[in-house]
Amino acid sequence: MTENSGATIVLQLTAAAMGEPATRNALETLLRAAGADGVRYHPAERALAATDVLDAVAHGFGVTTADLCGRTRTQTVCEARQGYALLARQLTDLSLGEMATACGGRSPSGMLYNLGVAEMRVRHAHDFRRKCQSAAALLSRELAA
């Protein structure tokens, strides 16, 4: 994993919030703006697994992975599932079906619904965006280790 992975996650979350694509050129611009002259983007050497994202989201949202994968439907757990859908979609190559299966056998259509709600919430709800960024930062540190 390169030191640029944290910037990749920040760019992806920022791009999602702005409704714009996260491109390689945009990442290199972000890195240069942060004072990293002459750097080039290098993709991560280790891919994230669904369990990595579930663990980070559980920590970032203050719930357990059992809650995320279970039948609980409290607002806090539902928000965490939406955060999982957003981060898993942006940071992994998992299909909606794979994301749903990893999250307790949910349906792909339910995961698509959670993703749509999460994309709206990350733009308008500061607390939700902060929790997603916290989970993304944890994933970045985990990959860097």
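Throughout, read-outs are computed from the coordinates displayed, never taken from laboratory work. What you are looking at is a predicted structure, and each value in this text was computed from that prediction instead of being measured. Please note: Cβ atoms are built from the backbone with ideal geometry, for glycine as well, and neighbour counts cover all protein chains shown.
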(request) Using the number of other C-beta atoms within 10 angstrom as an exposure proxy, rank 76, 101 with the fewest first. (result) 76, 101
(request) Compute the distance in nm between two label points, each set 7 Å from the Cα along the Cα-to-Cβ direction, one at residue 123 and one at residue 78. (result) 2.1 nm
(request) Under 1.5 on a/c is rounded, so check that first for segment 50-144, then, if it is not, pick prolate when a/b is larger than b/c and oblate when it is not; a ≥ b ≥ c are the square roots of the alpha carbon gyration tensor eigenvalues. (result) rounded
(request) Provide 134, 140, 109 in ascending order of the number of other Cβ atoms located within 10 Å of each residue's Cβ, fewest first. (result) 109, 134, 140
(request) May I ask you to sort 123, 81 by Cβ crowding, counting other Cβ atoms within 10 Å and putting the fewest first? (result) 123, 81
